[in-house]
Each structure stands twice: as C-alpha cells, then as structure tokens.
Amino acid sequence: MAEHIKQHPDFTQRFDGSGLRIAVVHARWNKVVIDSLLAGTLAKLKENGVKDHNIVIQSVPGSFELPLAVQRVIAGSHVQAGATATDLLGGLGISSPLGTSRSGTPAPVVSTMPSQPFDAVIAIGVLIKGSTMHFEYICDSVSHALMRVQLDTGVPVIFGVLTALTEDQALERSGLGRGADKGHNHGEDWGAAAVEMASHARRWGEGKF
Ligand code: DLZ
C-alpha cells in the first residue's frame, strides 16, 4: 500500500483545446498569489491548444463576487453568439429593413463578435483565514454558488478558489512557497481541468460517449 493515498489527478491524457473558448474570472484580493495562479492557468490553457483570442479574462474585487460574475459572463457569451447570428442574417439581407444592397448582391458578412459561447469558465480566488468567521462564510457560500452556476447553466465551472488557513499554504499552492520546495501551482491543474471538462461537455452534449 502506498504511503500517501491523496494524489493529484493524472492529466497526461491530452485534450485538444484548439476549438474551445474559455473565460477566466479572477478576484483581486491577495494579488501576489492570484497573479501566479493566473499565470499557471493561462500557460496550461495555451499548452493544451487554446488560442489567445479564445481566452477572455475578467476580474472582480473579491472571491465573494465570483459566482455572479461567472454567471453573467456565461450569459453574456450567449448574447454575443446570438448577436453574431443576427449580424449574419442582416448581412444576407434576411432581417435587415434595407434588404439586400442596390445591386441585389448580399452585403458581405462583417462580424467582429465571437460566435461561440464559453465552453468552460475558470473562477480564481484566494481566501486566507483571518481572525473572524468571515472566511468560513465566504468559502462555504462561494463554493456552493459556483457549483450552482455550473449545474444551472450546464457550462463547466472550474473551482479555482484556494481556501488557505495560512499565507504559507496559499503561497505553496501557487508555486511561491517560501521554503526550498516552492510547491505546486494549482493554476496549471485548473487550466488542464477546464480543457478536459469543456471537451467532455461538448462531446456528451452531442450524445457521444
Ligand atoms: C473582505 C475580504 C476579506 C477579509 N478577505 C478576503 C480574502 O481573503 N480573499 C478574497 O478573495 N476576498 C476577501 N474579502 C473580500 C470579499 O470577497 C468581497 O469582495 C467583499 O466582502 C465585498 O463583497
């Protein structure tokens, strides 16, 4: 029997992120740790093939703001995709009050709006316990709310919220440990998990198992 049972998951199976659109929403409390987690997340997304133009980054003040932000970002990406469809119909002269151009040739389709809603959202925050019950309330409500958002929307939400009892715990989990061992940057796992879950969700949604 191995000495330690608790292990990171095996992320060696590669998923193709080249066709995925992913949002990262991060809090700004505890910036040093957030910056490192964000860097690890983005590096792993790109390593898995996600294109720069398909990554959208948004920030909010603290972790408590993350669930609403994630929910609105998902909703907004559907609005964007719908607007692109409307642009397309307008370009073809179907719904435009002006109809086709004078020559009768459909106007060219010019759209700068992304056509694809987000395939996954990564929520990043760093909660460090203080001397009151604040930490417990926020950890509890944020984790439940992020779970609710992903179940309500069907879009994978990656739980990138560190809930650390000490500053050292937060540093070690972002690869910034004060000792010789800098620890592991959990942002990398969140990037890999986002690509995997987005790929699964798309495939499962098409009834492919
Ligand atoms: C107020 C507060 C405190 C004390 N600590 C943290 C923290 O460690 N990490 C974090 O992300 N946010 C913290 N916040 C801010 C709250 O999350 C939230 O932004 C405010 O209560 C405003 O809603």
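Here, each number is a calculation from the coordinates, and none is a lab measurement. Worth saying up front: this structure is predicted, and the values here are computed from it rather than measured. All Cβ positions, glycine included, derive from the backbone under ideal geometry; neighbour counts span all protein chains shown.
Bridges between two residues of the range 115-209, per DSSP, are antiparallel at a rate of about 10%.
For the chain, the antiparallel share of DSSP beta bridges with both residues in that region comes to about 5%.
Here each label is just a point 7 Å from Cα along the line to Cβ, and for T132 and D168 those points are 2.7 nm apart. Between R72 and A180, the FRET efficiency from the beta-carbon distance, with R0 = 35 Å, is close to 0.25.
Calculated mean residue ellipticity, 222 nm, the chain: -14500 deg cm²/dmol, from DSSP H runs (n ≥ 4) at -39500 (n - 2.57) each, averaged per residue and rounded to 500.
Going from the residue with the fewest nearby Cβ atoms within 10 Å to the one with the most, V157, V50 rank V50, V157.
Inter-label distance, E206 to S115: 1.5 nm, where each label sits 7 Å from its Cα along the C-beta direction. Under a no-solvent Debye model with one identical scatterer per Cα of the chain, what's log10 I(q)/I(0) at q = 0.10, 0.12, 0.15, 0.16 Å⁻¹? One equal scatterer on each Cα of the chain leads to -0.51, -0.69, -0.97, -1.07. Sequence-ordered 3J(HN,Hα) estimates for the range 178-194 from the Karplus curve with 6.51, -1.76 and 1.60 and θ = phi - 60° stand at 7, x, 4, 7, 6, x, 10, 7, 5, x, 4, 5, 5, x, 5, 5, 5 Hz, glycine and proline given as x. Taking a straight line from the alpha carbon of K46, these lysines sit under 28 Å away, with near neighbours fewer than eight places off in the same chain left out: K6, K31, K182, K208.
As a proxy for reagent exposure, E47, E65, E3 were ordered by neighbouring Cβ count within 10 angstrom, fewest first; the result is E3, E47, E65.
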